[in-house]
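Engineer: Encoded as structure tokens, here's the structure I'll be asking about.
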Amino acid sequence: MGHNLPPSWPDGKAQEHLLNLIAGLHLNSEYSDLEIICKGRTFPAHKLVLCSRSEYFKRACFGEFKETREPICLDNTDPVLLEKVLEFLYTGNYTVGRLIPEARDPQLDCDTECPKVHAPNQLASKVEEATDEITIHSTENIAQDPMGGSDQSDQEDAVEPVIDPSAKCHPCYFHMRVFGEADYFMISSLKDKAREQFRTSFTNCSERDLFAEVIKELYSERANYQELKTLAIDVVVNNLPSLRKGFSTAIDSELLEAVPNFAVDLCLATMDKYVSEPPNMRPYPFATGFEYKGVDYESLSWGFGNN
């Protein structure tokens, strides 16, 4: 990329320039020393960036993971979510509903469809349908050098943009899925960001079908959502009247029967909030009017065998 840092730049400007250089490597094959293959899509990456921010990739590249043998193959990860994870590692942020670069695989032709996003029900099917419409463009005419770079210009190293299928997915559901991936790839800073984004968007998630999809995903075994479940239950309890009796009833018997663990957590949290002990409550539920001294059973005559 051949960028030289002007010696007269102040520290803040130099830092910004360096961050922009790192961000420019996102999905760029230039200087790439790592490939990640995810359901037919190949993502060029850089060990220096990934391993310094993700314990998972550090172990995968230098530890005893089975993925240590390059390239790293992630068959159980959604490629759209993986791209967002990589976006965060390179830029410190991730976006929803924008044009993203498409990772290209030279072995795939232009008629190859991207794999579907595996989500449980109606909301997730929108992501699947959008993903099916994306095709991976052929790159057989681009000569790659042995180091993963290209003999083309820097502009040709950058992959072409495609429409992000996540744009049709509600932000609340999307941030939840990103949180799950952040937990899997051991990126605590991404978990923190996704958690806050989920908290903000979940408060606007009162539509019945959408709310049900989010709850079902939270209580699925796809990822470790325990932190988000605790957060969601707290939000639900604090907004229970509107969710239960509002314009659109988000919580009904169908949902509670479909996700019994949610019903249990909601019941316990509601009791903790509304059945708490008043500060002036006495130790006993009513005043007895006398002091209880116990019973001396030995002094009592029960009449057994006595005349």
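Engineer: May I ask you to list pairs of residues, at least six apart or on different chains, whose Cβ atoms are under 6 Å apart, with the first in the stretch 248-267 being among the aromatic types (Phe, Trp, Tyr) and the second being part of a helix (DSSP H, G or I)?
Structural biologist: Pairs found: Phe262/Ile215.
Engineer: Going through Glu298, Glu227, Glu257, Glu277 one at a time, which residue ends up being open to solvent by less than 90 Å² (accessible area, probe 1.4 Å) and either modelled with pLDDT under 65 or in a helix (DSSP H, G or I) (or both)? Give the steps one after another, and end with the answer.
Structural biologist: Working: Glu298 fails: open to solvent by less than 90 Å² (accessible area, probe 1.4 Å); Glu257 fails: open to solvent by less than 90 Å² (accessible area, probe 1.4 Å); Glu277 fails: open to solvent by less than 90 Å² (accessible area, probe 1.4 Å).
Of Glu298, Glu227, Glu257, Glu277, the one residue that is open to solvent by less than 90 Å² (accessible area, probe 1.4 Å) and either modelled with pLDDT under 65 or in a helix (DSSP H, G or I) (or both) is Glu227.
Engineer: For Tyr173, state whether it is open to solvent by less than 10 Å² (accessible area, probe 1.4 Å) and modelled with pLDDT under 95.
Structural biologist: Details: open to solvent by less than 10 Å² (accessible area, probe 1.4 Å): yes; modelled with pLDDT under 95: yes.
Spelling it out, Tyr173 is indeed open to solvent by less than 10 Å² (accessible area, probe 1.4 Å) and modelled with pLDDT under 95.
Engineer: Now for a separate question. Just give me the residues in the stretch 230-254 being in a loop (DSSP other than H, G, I, E, B) and aliphatic (A, V, I, L, M), in sequence order. Spell out the reasoning first.
Structural biologist: Within the stretch 230-254, the first condition is being in a loop (DSSP other than H, G, I, E, B), and the residues that meet it are 239, 246-252.
Passing the criteria: Ala250, Ile251.
Engineer: Between Thr77, Thr95, which is at pLDDT 90 or above, in contact with a helix residue (DSSP H, G or I) (Cβ under 8 Å, 6 or more places away or on another chain) and in a loop (DSSP other than H, G, I, E, B)? Give the derivation first.
Structural biologist: Values: Thr95 fails: at pLDDT 90 or above.
Sole residue among the options that is at pLDDT 90 or above, in contact with a helix residue (DSSP H, G or I) (Cβ under 8 Å, 6 or more places away or on another chain) and in a loop (DSSP other than H, G, I, E, B): Thr77.
Engineer: Can you tell me which residues in the stretch 26-36 are within 17 Å of Arg53 (Cα to Cα) and open to solvent by less than 30 Å² (accessible area, probe 1.4 Å)?
Structural biologist: Those that are within 17 Å of Arg53 (Cα to Cα) and open to solvent by less than 30 Å² (accessible area, probe 1.4 Å): His26, Leu27, Ser32, Leu34, Ile36.
The values are calculated or read from the model by the stated rules, or taken from the named source; none is laboratory data. Please read these numbers as outputs of a predicted model, since none were measured by experiment. Neighbour counts run over all protein chains shown; Cβ positions are idealised from the backbone, glycine included. Accessible surface is based on the protein model in full, side chains and every heavy atom, while ligands, DNA and RNA are left aside. Shrake-Rupley method; radii C 1.70, N 1.55, O 1.52, S 1.80 Å.
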